[in-house]
Structures are given as structure tokens and as C-alpha cells.
Amino acid sequence: MASLVKKLNNPWVVMSLSMISSISIFLITTLFYTYKDYYLVLGLASAIPAVVSFPISFVLIGFQRQIQQQKDEIEEKNTELTQVNEEIATQRDLLEGKNREIININQDLTESILYAQQIQEAMLPSKSLIQQHLPESFVLYKPRDIVSGDFYWFTAFNNDKGDTKQLLLAAVDCTGHGVPGALMSMMGNELLNEIVEVRGVTEPGEILQQLHLGVTKALKQRENDNRDGMEMALCSIDLENKRLHFAGAKNSLVIIGNGQLTEIKGDKRPIGTQLFADSEVFTTHTISLDAQPKRFYMFSDGFQDQFGGPMNKKFMANRFRKYLLEIAVQPMQAQKQLLEDKLTQWKNSQNEKPEPQTDDILVIGFQIDIDEVA
């Protein structure tokens, strides 16, 4: 019915039907007034249906052809739509398969990285061990990803009486972060253990020098363009002679005492890379440990490079050192919490979502009271 109404709304159809009706009326009227003989009129009138049926048949045939043509077009469109739907279904199935594959791969990678995290955490010295020897100390360690390119290292040596005579503590920042940085950190940790525990080297400058040679050799940097390496700060605390020895590879040692901040800069060369000759040595600095307590800080560049604040800029080194000076009067564990709060505040300074962590973060703080160190 709807199709018929649509046909009747077609101007060509209306015009054709009107023409047929007009011709029919004209013929009947003409016959009636022209011929008075009833039988003649009756004979002519009987011919009218034949005359009228011809154009009507012509119009109907045209309708039928048009309807058939439209039917064919609709069937063709339906066939095309069916093919398109089949192609879409095929593509959908392929995408779902790829998505499942990606999900499985991602799950496998995450599980592998989580396992690597367990290995990396097992390699790090326990914070309780550090606090056993340095009660007033903290380690703020925040990997950017699951695993970290920053790591801290610690060991202690006893004298013949079994008393602690020397402590070695390092803050190390390896090239990169995430899995590549973590692999570098594991290599660096293993080399430090070998240099100090096996070879018996305890002088910071010499430790860094041997570490540099070890990294260069392990990464075959004489044979390729590899420029991976480490930046670090290393302290050796000589409890018997009341001295602290420090050496740094691009990283510094910050000392705070009597309301003053002093920075001992490390050498301007990293561990690894062939940009420096192997004959160049790392400088060892010596600080006397007197009765006046001092607080020492070693760190990577992760905290000061964190984006945030009102202008969404880096925290910067100067602001970081000023903040250390500001909180240095607090107990060490309180300082750690203040640093964490400051970092969170800095990242959340914008009204929008917090800034993501820019890099691995490592800050080590410790106070040496020569009469209380275990």
C-alpha cells in the first residue's frame, strides 16, 4: 500500500492518469452529442474500453518495469550490504583475535617485569640493615616504572674485634629507566660487589675507577658506539679514624651542619662511555667527622627533574637543595616523609590531573654521630 501511495505521488503517474481520464471523458461526450442514433452510440461506446485500455496498459507496463527495476536495484544493494557486513564481521574477528593476542603478550611482559622487580628488590640492601648501622638515615626510592635504573648499595666491614670499622654507601643512577635501566643496575650492583667484597677495594675513587673499567669492558664500549653508563655518589665512612671519604661520578655530596649547606661536587665524568681516557682517575674527597653532627645527602637527578608546580616546570637543583636545608633540622624519617609530601604537592600543583613521575627517584640521607654509630 505504501508503495502504491508513493507511485500515486509521482507527478508523471498523476499526469498519465489525468490524460487517460480526460481522453475517456472527451470521447464519451463527443459520441453522445454527435450521434443521436442510440445504436450507433452504443456501438461506438462499446469501443471506448478498448481505446482507453490501451494507454492504461501502456502506463501499467511502465509501472511494472519501473517497479522491477527498483526491485533489482534493492536486491543488488542488499547483496552489497551483505558482502560489506560479512567483511566487517571478518575484520571484527581479526581485530578481536589481535586484541586477545596483545592482551596475552602484555600480560606475559607484565609478569616478566614483576619477576624482574622481585630480583631487583632482592639485590638491594635491606633498609633495616642500613638503619642498624646508621640509625638516623632514610632511603627514598621511587622507581618511575615497575623496575628502576636507580639503585642504592651498602656494605659494612668489621675489625678483628667484630666491631664495625667501615661503612660504604652509594646512590647510583644508571642510563635509562624501566627494564633497560634495571639491567644496567643489576650489572652495576654485581660489579660493586666484586670490586669491594672480592677484590677488597674500599677507597671511593679507586672503586669508581674500577667500576668504570668494568662497565666499559662489559658493554664492549671499545668496540661499538654504546654510551650507556652510570652517575653516582659513593661514601666510605671510616669509623675508627673518624673520617668520611667521598667520590662522585657527575653526582655530588651535600653536607648540612650549623645551618649551612656545603656541596662537594663529583668529577665531571660518568661511569662508562669512551668519552674519557681510562687513565683519568676519580677524585676522593675526605671530610673529618668531629663532635658536631652533620647530615649527608646523596641523590639521583630524578627529584629535581620532576615536572610540576604552578608553571609545570622542573623542580630544579637549587630548589631541591634549599628544601633539604629547610628540613634538615627534622629527624631523618620525618625528612623522608616531608620529601614525599613535597613531591606529591609539586606534581599536583596543576588543577588538572597530576603530572606523571618523570624519572626514577633516589634520595639517601644519613646523620653521623661518631659516638653512636654501631
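List of remarks:
- Whichever residue in segment 206-216 is of a type outside the set (A, V, I, L, M) and over 16 Å from W153 (Cβ atoms) and, among such residues, is surrounded by the fewest Cβ atoms within 10 Å (Cβ to Cβ): T216
- From the list V139, V172, the lone residue that is more than 22 Å from K294 (Cβ to Cβ), surrounded by 19 or more Cβ atoms within 10 Å (Cβ to Cβ) and of a type outside the set (G, A, S) is V172.
Each row is one residue, and each column tells you yes or no for (1) under 19 Å from T262 (Cα atoms); (2) in contact with a Pro (Cβ under 7 Å, 6 or more places away or on another chain).
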site: F299; (1), (2): yes, no
site: G308; (1), (2): no, no
site: Y323; (1), (2): yes, no
site: P331; (1), (2): no, no
site: Q335; (1), (2): yes, no
site: I364; (1), (2): yes, no
site: Q367; (1), (2): yes, yes
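- Strands (runs of 3 or more DSSP E) contained in segment 222-297 and holding at least 2 residues under 19 Å from L192 (Cβ atoms): 230-238, 243-249
- Matching residues, segment 323-353, being assigned to a loop (DSSP other than H, G, I, E, B) and in contact (Cβ under 8 Å) with a residue 24 or more places away in the chain: A328, P331, N348, S349, Q350
- Matching residues in segment 232-253 - criterion: being crowded, with 21+ Cβ neighbours inside 10 Å and within 16 Å of F299 (Cβ to Cβ): M232, A233, L234, C235, F246, A247, G248, A249, N251, L253
- Those residues of segment 196-221 which are free of Cβ contacts under 8 Å to residues at least 40 places away in the same chain and not in a helix (DSSP H, G or I), in sequence order: R199, G200, V201, K220
- Leading residue by the ranking (farthest from C174 (Cα to Cα)) among those in segment 217-227 that are surrounded by 15 or more Cβ atoms within 10 Å (Cβ to Cβ) and at pLDDT below 90: Q221
- Of the strands (runs of 3 or more DSSP E) lying entirely inside segment 76-182, those containing at least 3 residues that are in contact with a Leu (Cβ under 7 Å, 6 or more places away or on another chain) span 150-158, 164-174.
- Filter result for P270 (surrounded by 14 or more Cβ atoms within 10 Å (Cβ to Cβ), of a type outside the set (A, V, I, L, M, F, W, C) and either outside the structural domain of L208 (by TED's automatic domain parsing) or touching a Lys or Arg at 6+ places or on another chain (Cβ under 8 Å) (or both)): yes
- For segment 187-205, filtering for residues that are surrounded by 18 or more Cβ atoms within 10 Å (Cβ to Cβ) and of a type in the set (D, E) leaves 0.
- Residue count for segment 295-313, restricted to those that are surrounded by fewer than 20 Cβ atoms within 10 Å (Cβ to Cβ) and either touching a residue at least 24 places away in the same chain (Cβ under 8 Å) or closer than 22 Å to I368 by Cα (or both): 5
- Meets criteria (over 15 Å from A170 (Cα atoms), of a type in the set (V, I, T) and surrounded by 15 or more Cβ atoms within 10 Å (Cβ to Cβ)) for I287: yes
The values are calculated or read from the model by the stated rules, or taken from the named source; none is laboratory data. Computed from a prediction, not measured in an experiment: that's the story for all the values here. With ideal geometry, Cβ positions are generated from the backbone for all residues, glycine too; neighbour counts draw on all protein chains shown.
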